[in-house]
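A short reminder: the numbers here are calculations on the coordinates, not readings from a lab. It should be emphasised that the depicted structure is a prediction, and the values quoted were computed from it without experimental measurement. A quick note on method: Cβ atoms are made from the backbone with ideal geometry, for glycine too, and the neighbour counts reach across all protein chains shown.
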Amino acid sequence: MNTLPEILAARKNIIVDKWAEAILSTYPHESLKFLSSQKDRFANPIGHAVRSSSEKLFDELVHGNDVEKIRASLDDFLRMRAVQDFAPSEAVGFVFMLKRVLREITAQEMTGKGQASFQDELLNFESRIDSMALVAIDLYMEAREKLSRIRIDEVKARSLLALSERQS
Amino acid sequence: MSESKLKPEELAETIKYKTPNRNWMDQKVEMKPGRFSHSGVPKSVEYLQLPNPRKWQPTDPDWQLPENWKEIILEGLRDRLNRFRSLRVFMDICVRCGACADKCHYFIGSGDPKNMPVMRAELLRSVYRHDFTLAGKILGKFAGARELTIDVLKEWFYYFYQCTQCRRCSVFCPYGIDTAEITLLVRELMNLVGVNIDWIVTPVANSFRTGNHLGIQPHGFKDSIDFAVDELESITGIKVEAPINKKGAEILFITPSADYFGTPHYYTLLGYLALFHEIGLDYTWSTYASEGGNFGSFISHDLMKSLNAKMYAEAKRLGVKWILGGECGHMWRIVHQYMDTLNGPADFLEEPVSPVTGTKFENTTSTKMVHICEFTADLIKNGKITLDKSRNDNWKVTFHDSCNPARALGLIEEPRYIIKNACNHFYEMPENTIKEQTFCCGSGAGLGTDENLEMRMRGGMPRANAVKYVKEKHGVNYLGCICAIDKATLPPLMEYWVGGVEVGGVHELVGNALVMKGEKERTTNLRGEPLDGKME
Amino acid sequence: MILLLPFLAILVIIVVALFGAAVPGLDFLFGVVFPYAAITVFLLGIIYRVLKWARSPVPFHIPTVTGQQKSLSWIKSSKIDSPHSSPGVVGRMAMEILLFRSLFRNTKMEMKSGPKLVYGSSKYLWLGAIVFHYSMLVIVLRHLRLFMQPIPQFVLALQNVDGFFQVGLPGIYVTDGLIVAALLFLFLRRLYDSRLRYISLASDYFPLLLILSIAVTGILMRYFLRVDIVSVKELAIGLFTFHPFIPRDVGVLFYAHLFLVCVLLAYFPFSKLMHMPGIFLSPTRNLANNSRMKRHVNPWNHPVRVHTYEEYEDEFRDRMKAAGLPLDKE
């Protein structure tokens, strides 16, 4: 019987892949092939961000749990989600997809021998994912607020111009 | 904020796979705030004598179109098919190979499949097939044909005001199909029934009346030039001449109006003033032709012509020898590819020769208008100006090729030559994001308005992503460009995606580095920021 | 449905052909009438379409420039990507038509990330396209041997090169394999890539399937279900010399092949296959980047409403005067 940390280490690649795949599936179906197969980070920034953030985040959840690093990895990605076609819940919801992936991957361990202690471990790990979701909500809001601020600045600049024109 | 909210039963769906695998013709467009621009105000529409002025918004269920709107558009399409070979050929020869699909910055930044250039064109092509081809008439949907309905028109509005006419897709198309051409013509069609956006219509009305998009009247223009002259004096200690509407000057200088009212455009203006003084150029500004840009080109070929006419008319009235044009993007597409055709021949002008170096600008012998980067590069090459690169040492510079100078003119090396001679630190962005493959700022072709901000951030993301890369790799903090729309819309883009990168013109760098006879020791750059080690 | 329709259409065409070959008396229709009709539609159709394109003028000079312009003498201009003269344009068009240069641009890809291999469907698109088109060209030229007696020298040479790998009897032509592979690739690519499936129409699948059926029937005839080549040649030369002649027992498969070709010819002018002549008329590729050197004339350049300087000064005279700006009329 494997413990959760062992499983996470051994199956890291498949978990990260599945998670990244699940995140990409929130984009329009028709664009999926492009987002997941074009590897050039400049030709496909979304796909690149999904891939690199999902791996970094997973590593941080398993090993470090350093909030600052998690923030940094989430940041780029949430900035993207904040201007794309997502409701706030959808924009942030990708974090929870990791839970589903984990449950799928560990289906055997969940029901096998020693399931009680395994489930405990998993629940523990899942609360880390929940905390990460809270960080994601913060970042999403920061991005949205930044957008509003940029918009207000533009409107201000425009009305100043109109004003100076009227006075001249 | 996004207005779409989840229904409880959808909650589980957000973390499941989506499969909206439907035929694209059946999907209706949803207008969400932040992703479209407001409609043209009636006052401006009326002033330009465009059809169907009224109060409306794209979110209204009823767009208050004329009763026969459909016939008007189809008749307009027939007329344009007969007048534009480009349109006819582009409608017929696309094989949907998909080479363009992932080249559009809006598609890359959003993943919205209707932002693939081929789909954008199919939005029109489907209607063309339905009403103008035999196969479409007989086979209908199976031949990719569909009827023009109000929903189709709404889709046109959404997606053709989501194309910045940057022409990146056209570079990769094996037949050179140019989405910018299709977008421009569909916008013409939409304007026939009064479907337009205010960020374009009002600047055009302004420009028609006052000579510039911002609506600055002649005395306001003079004030801002005078103000710039004073500001330059406080930085350099030299009071430069800036003649306005001067008859008999050798050269007429035209630049986008944002240069004398916008930031950071303004620092480029200071650069021009310093440069022209230093070489003793006999030139004039004009209040009547006080706009290089041409938002008319975002509505129709006719309005493009009508705004552009001021350039030659003013050159003729003032009796100059030739015209010099400032840093601008779409202005240069029109000057280079349209002006001579629309409002030429310019037989009242002389073939441009640099009064400083004697260089004849062989590439402008017919249109008789020279790009400031061509002009300045020639000055530098001939050693006619002295540049102190160290004055730009606080900048680590990268250069964003603006779409039109790159893909309409091929103005690629001139600005780079100037930058390399004006500063010590220059770094290129990755190859597939510059030169003819440059990514748009995401706000061109009249889409740079605040209500459209989210869409702009999406569209500009590929550009920002490349800037971020060179920022992290080389510490780049100055994004140079030669386009007024870039200068207006890249700063918010940088603020949102990158942070810590300023945007500025090439001639701002020139102005910083330019050693002027009799100047006081410079302690600041043109932005008024201390030069390293000069203030402390 | 978008996929089903082209499949059904191909099926119907083949059934019709087999029926025509089987029913006595219809062989004249399928062996003579249809080929002549198809070639007539093909030629007249193309001429009609091209003339229709050509009738619309080119009002503006709108090349897509993909390289350094010719400006100052010391800056090296790109003669092919930004041609400033006719030879340059010819060079650019030749690169486009012979080498599919724009498609080739897709191949530039750097800085891959992630452990997986780069697919770059775009790179294979260029390869698939070029293999298909050149195989098609070689095959069409090879067929000239059926229409001409004596067989022209270059056709024999081509045949030798194509049959370079002298495997089996009859010798295998490389292009037979290549064209089928390329067509399958182009077809599967549309099915497999969600993005391409989204943009594909029935009229994108149909020509691929049609040409594939032609290739397959041709290959079957050559390698597996041999038809009497002498009779085929008699028929072909008969058609070519306008002395139509129906030999006996040419074989059912041959009629299927021929009929499919007739359908392709007749379909060509009304389809996207017109991209072949269309590329020559594409104004973003066939114009030189010299619009500031030479004036381009628009035949319908109609006058528009302008705001003249006089009107402008009339409106703002007082303010201009107050600001000390020069005026035309005091």
One point scatterer per Cα, no solvent, Debye formula: log10 I(q)/I(0) for chain C at q = 0.09, 0.10, 0.13, 0.15 Å⁻¹ comes out as -0.67, -0.79, -1.17, -1.37
So for R0 = 51 Å, FRET eff. of C:Phe19-B:Glu431 from the Cβ-Cβ r, to 0.05, ends up at 0.30
Here the tail fraction of P(r) beyond 44 Å, over all Cα-Cα pairs of chain B, rounds in percent to 17
Amide H neighbours of B:Val503 at under 5 Å, excluding residues fewer than 5 places away on the same chain, with H built from the backbone geometry, are B:Leu479
With Rh as the Kirkwood radius over Cα pairs, region B:204-513 has Rg/Rh of 0.94
Quick calc: nm separation of the 7 Å Cα→Cβ label points for C:Val297 and C:Leu3 -> 5.4
Computed on Cα atoms only, the convex hull of region B:203-327 has an orientation-averaged projected area in nm² of 7.1
With Rh as the Kirkwood radius over Cα pairs, region C:249-330 has Rg/Rh of 1.53
Semi-axes (Å, rounded, descending) of the ellipsoid equivalent to chain A per its C-alpha gyration tensor are 40, 18, 12
The pairs in B:Lys70/B:Lys154; A:Lys156/B:Lys468; A:Lys12/A:Lys99; A:Lys33/B:Lys114; B:Lys28/B:Lys154 lying past 18 Å Cα-Cα in this model are A:Lys156/B:Lys468
Result row for chain B, helices from DSSP H with C-alpha axial extent 24 Å or more and mean Kyte hydropathy at least -0.5, is B:218-236
Taking Cα pairs closer than 8 Å and at least 6 residues apart, the relative contact order of chain C in percent is 32
Plugging the Cβ-Cβ distance of B:Val353 and B:Lys239 into 1/(1 + (r/R0)^6) at R0 = 25 Å yields, to the nearest 0.05, a FRET efficiency of 0.30
Charge dipole of region B:375-466 built from unit charges on the beta carbon (Lys, Arg +1; Asp, Glu -1), centred at mean Cα; most positive-end Cα among B:Cys440, B:Cys403, B:Ile380 is B:Ile380
per DSSP, antiparallel bridges as share of beta bridges in the protein assembly as shown, % nearest 5, sits at 20
FRET efficiency (A:Leu134, A:Thr111; Cβ distance; R0 41 Å; to 0.05) is 0.85
With +1 at each Lys and Arg Cβ and -1 at each Asp and Glu Cβ, the charge dipole magnitude of the protein assembly as shown around its Cα centre, to the nearest 20 debye, comes out at 2540
The summed charge of the B:Met311 Cβ neighbourhood (under 12 Å; Lys/Arg +1, Asp/Glu -1) stands at +2
If each K or R counts +1 and each D or E counts -1, the residues other than B:Ala464 whose Cβ falls under 12 Å of its Cβ total +4
Of the residues C:Leu44, B:His130, C:Phe7, the Cα lying farthest along the dipole of the protein assembly as shown towards its positive end, which is defined by charges on the beta carbon of Lys, Arg, Asp and Glu, belongs to C:Leu44
Note: B:213-224 gets an average of partner chain Cβ contacts (10 Å, Cβ to Cβ) equal to 5
Counting other chain Cβ atoms within 10 Å of each Cβ in B:337-350 and taking the mean gives 4
Candidate span helices, chain C: DSSP H, at least 15 Å along axis from Cα coords, Kyte-Doolittle average at least 0.0, result C:4-22, C:34-55, C:86-99, C:121-142, C:174-192, C:202-219, C:229-240, C:252-267
With -39,500 (n - 2.57) per DSSP H segment of 4 or more residues and division by the full residue count of the protein assembly as shown, the 222 nm estimate, nearest 500 deg cm²/dmol, is -16500 deg cm²/dmol
Treating only Lys and Arg (+1) and Asp and Glu (-1) as charged, each at its beta carbon, one finds that region B:100-211 has a dipole about its Cα centre, in Debye to the nearest 20, of 120
Given 37 °C, 0.692 mPa s and a Kirkwood radius over Cα pairs, the Stokes-Einstein diffusion coefficient of the protein assembly as shown in µm²/s is 105
B:Asn23 and C:Asn160 label points (each 7 Å along its Cα→Cβ direction) are spaced in nm at 5.4
Relative contact order of region C:212-330 (C-alpha contacts under 8 Å, at least 6 apart) in percent is 17
Under the 7 Å Cα-to-Cβ spin-label approximation, A:Val155 and C:Leu43 lie apart by a distance in nanometres of 6.9
Connecting every pair of Cα atoms under 10 Å apart in chain C and solving the GNM, the largest mean-square fluctuation among C:Ser86, C:Ser73, C:Ser203 falls on C:Ser73
Highest mean packing first, using Cβ neighbours within 10 angstrom, the peptides A:125-137, C:53-65, B:28-40, B:176-188 sort as B:176-188, C:53-65, B:28-40, A:125-137
Rounded to a whole number, the mean other protein chain Cβ count within 10 angstrom for residues of A:17-29 is 4
Count of lysine pairs, chain C, Cα-Cα under 14 Å, sep. 8 or more residues or interchain, comes to 4
Computed about the Cα centre, the charge dipole of region A:1-151 from +1 Lys/Arg and -1 Asp/Glu charges at the Cβ has a magnitude in debye, to the nearest 20, of 380
Scanning chain B, every Cys lacking a C-beta partner under 4.7 angstrom -> B:Cys94, B:Cys97, B:Cys104, B:Cys163, B:Cys173, B:Cys328, B:Cys373, B:Cys423, B:Cys441, B:Cys481, B:Cys483
Restricting to Cα pairs under 8 Å and 6 or more apart, the percent relative contact order of region A:4-142 works out to 27
per DSSP, antiparallel bridges as share of beta bridges in chain B, % nearest 5, sits at 20
Cβ-Cβ cut-off under 15 Å around C:Glu96, Lys and Arg +1, Asp and Glu -1: the net charge is +2
Per 10 angstrom bin, beginning at 0 and ending with the bin that holds the maximum distance, the Cα pairs of region B:22-196 fall in percents of 9, 38, 38, 14, 1
Beyond 19 Å, the calculated P(r) of region B:177-253 holds a percent of Cα-Cα pairs equal to 61
